[in-house]
Each structure stands twice: as structure tokens, then as C-alpha cells.
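The values are calculated or read from the model by the stated rules, or taken from the named source; none is laboratory data. Predicted model only: the values in this text are computed from it and were never measured. Because the Cβ atoms are built from the backbone with ideal geometry, glycine has one as well, and the counts that use them run over all protein chains shown. To get the accessible areas, we keep the full protein, side chains included, count just its heavy atoms, and leave off ligands, DNA and RNA. Shrake-Rupley method; radii C 1.70, N 1.55, O 1.52, S 1.80 Å.
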Amino acid sequence: MRRTRNLVAVGDNCLDAYLSHGLLTVGGNALNVAAQWRRSGVTARYFGAVGNDPEGEVVLAGLAGVGLTPDDVECLPGDTAVTLLRDEAGDRKFLHESFGVGENYMPSQQHYALIASADWVHLGTNANRELVRRLVADHVPFSVDVSTAHLALPLEGVPMLFASGPDAADAPVEPLLAALRAAGARQVVLTCGKRGAYFDDGTSVVHAPATPVDVVDTCGAGDSFIAMFLTGFHFDGLGAEDALRKASLAAAQTCTHLGGFPQKPHPLPDWLRAKYASFITAPREPDQ
């Protein structure tokens with residue numbers, strides 16, 4: 001009988017404001033990963049921070065709705081992270097991105113003890129450098145997503161690294177994989193959009209193609225990929241290629257709806273429109 005898995009995601013959360021749709025969803029790399037774990041029936045917790053503002057209340061309600069515990073989230077003076085997005089000619093444009101009080105998040109000692117006892121820990125994007133070093137020093141099994149900031153964190157001894165790579169078919173992935181491994185990451189998963197994903201453990205490089213899908217929104221697709229790869233590879237006995245394929249399918253499914261996990265989007269509230277009016281009402285740049 002397979003034992004209960006206790007998985008933890010730590011770090012970023014945000015509100016994604018879809019200005020073209022007038023809608024708001026809850027997201028953030030670490031929160032999305034934890035939400036996808038909970039949706040798949042895995043015991044999971046999320047540790048992070050929100051501001052003492054209306055945005056924070058929306059985030060807490062959203063994570064509670066998927067089965068995560070609001071008490072694991074610190075409420076701090078300041079702003080909750082918000083991302084403003086607009087669709088232009090079929091492309092997603094970021095108008096504003098803030099990290100809020102969750103930037104450089106370091107859990108309390110009490111929370112760290114819970115985190116360090118998990119079967120696996122995932123750190124979201126913009127992770128705290130000292131938290132990375134501490135997890136390595138304490139031999140905690142963990143992964144971290146560096147997105148496109150490939151060498152911004154200390155990677156020596158990091159058990160598993162997720163990063164974004166080139167999606168152009170003629171751009172080699174080997175130099176980036178080699179650089180990340182040389183920096184100290186023991187295993188690297190490189191996601192390259194429509195090109196698919198690569199896994200490098202220092203002995204071989206495995207590739208799996210992306211799953212074709214009619215895209216509604218790509219927000220959170222990479223987070224779903226991470227959540228399902230980690231459970232498949234580390235706990236379900238899947239080899240790297242099968243785990244990549246499972247993760248690719250999950251990412252494709254996330255592309256079929258707004259937000260990083262299935263949820264009922266909120267109408268864009270007046271208080272958020274007022275708070276970010278300078279970004280929302282700014283004139284659009286002319287087409288190049």
C-alpha cells in the first residue's frame with residue numbers, strides 16, 4: 001500500500017487580473033502547485049504571505065476553496081501581489097507585476113519545521129536565497145522554479161531545478177542544461193513551450209513533446225506541469241519520459257481555462273480598478 005505523501009509548496013501567490021475579460025483569479029507558482037496537488041488527492045500544504053488588504057482576503061478564500069489551509073499563510077502589513085494582464089492580438093501582455101509582501105518570503109521557525117519534515121518541498125519563483133541554502137544544508141528533498149532567471153539563485157546542491165528554456169526549434173537546449181548542472185543543480189527540468197520539455201540528470205537528456213491544445217490562457221500551465229511531474233517522478237514510480245508526458249497533459253488541461261487551477265473567476269472589483277488605475281487606463285503602445 002502506498003503511504004500518504006506530505007507535499008509542501010512555499011513562496012509566491014498573487015491575484016491575476018484579466019483586464020480584457022474583467023475577471024480576477026487566484027494564482028502564483030507555489031500556490032498553484034499546492035492547489036494542483038490538493039486537486040489530485042495528495043496531502044499538501046502551502047506556506048506564504050499575503051498583505052492585510054482586500055486582495056489578501058481573496059487569495060485566502062481561493063486557497064481555502066481548493067482545500068488548503070489559510071492558517072499556513074502569514075498576513076503581513078502591506079500589499080498582496082497582483083499581476084495585471086491584457087490580451088492583445090491573441091497574445092498575453094503583462095501591464096504590471098508586483099510581488100507584494102511575499103517577496104523574498106522566509107517562513108517562521110515554526111513553519112520551517114513543518115516544511116522541512118515534508119516528503120517533498122517546492123519553492124515558487126523568486127525564492128529566498130537563504131531558504132534555498134538552508135534546505136540544501138538540512139538535506140531536505142526539494143525543487144525550485146527559477147523560470148527565466150536561470151542563475152539568480154545559489155544552485156549548488158539543489159535536488160531538482162525547473163527552468164524555462166527556448167521554444168524556438170533551432171535553439172539548442174544543451175548549453176543551458178549544462179550551465180544549470182554546472183551551477184550545482186542535480187536534476188534539471190527545462191520547459192520549452194510548444195517544443196516540449198527536457199529532463200537532465202547528468203547521465204542522459206530525456207525529451208517529451210508538448211500536448212497540443214486550443215489555448216484559452218497559459219497562466220499556471222507551467223505550475224501544473226511541475227506539480228504533476230513531481231508526483232509522477234518521485235512518488236508514482238514513473239520514469240522521466242512518462243513523468244514528462246503526464247506533466248505535459250496536465251499543463252495542456254490548465255490552458256483550457258482562465259487561472260492556474262479550476263476556480264470561479266471574480267468580477268474585477270472597483271477597489272482594484274481604483275488602486276491600479278494608472279496601469280489600467282494607460283494608453284496602449286502602438287503596434288510595431
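Normalised per residue, the accessible area of region 189-288 is 52 Å², obtained with a 1.4 Å probe and no contribution from ligands, DNA or RNA. Beta bridges assigned by DSSP with both partners in the chain are antiparallel in approximately 45 percent of cases. Working note: 222 nm ellipticity from helices only, DSSP H runs with n ≥ 4, each -39,500 (n - 2.57), summed and divided by the residues of the chain, gives -9000 deg cm²/dmol to the nearest 500. Estimated translational diffusion coefficient (Stokes-Einstein, Kirkwood radius over Cα pairs, 10 °C, 1.306 mPa s) of the chain: 83 µm² per second. Evaluated with a Cβ-only charge set (Lys, Arg +1; Asp, Glu -1), region 1-84 carries a dipole of roughly 760 debye about its Cα centre, given to the nearest 20. Taking SER20, SER147, SER278 and ordering them by how much accessible surface each has at a 1.4 Å probe, largest first, produces SER278, SER20, SER147. Pick out which of THR254, THR218, THR191 has the largest mean-square fluctuation in a Gaussian network model of the chain, springs linking Cα atoms closer than 10 Å. Among THR254, THR218, THR191, the largest GNM mean-square fluctuation belongs to THR218. For the chain, the carbon plus sulfur part of the accessible surface works out to 52%, probe radius 1.4 Å. Highest mobility in the GNM of the chain, judged by mean-square fluctuation with C-alpha springs under 10 Å and restricted to ASN52, ASN128, ASN32, is found for ASN52. Percent of Cα pairs in region 28-77 per distance bin of 10 Å, from zero to the largest separation: 28, 57, 13, 1. By the Kirkwood approach, averaging reciprocal distances over each pair of separate Cα atoms, region 64-212 gets a hydrodynamic radius of 17.4 Å.
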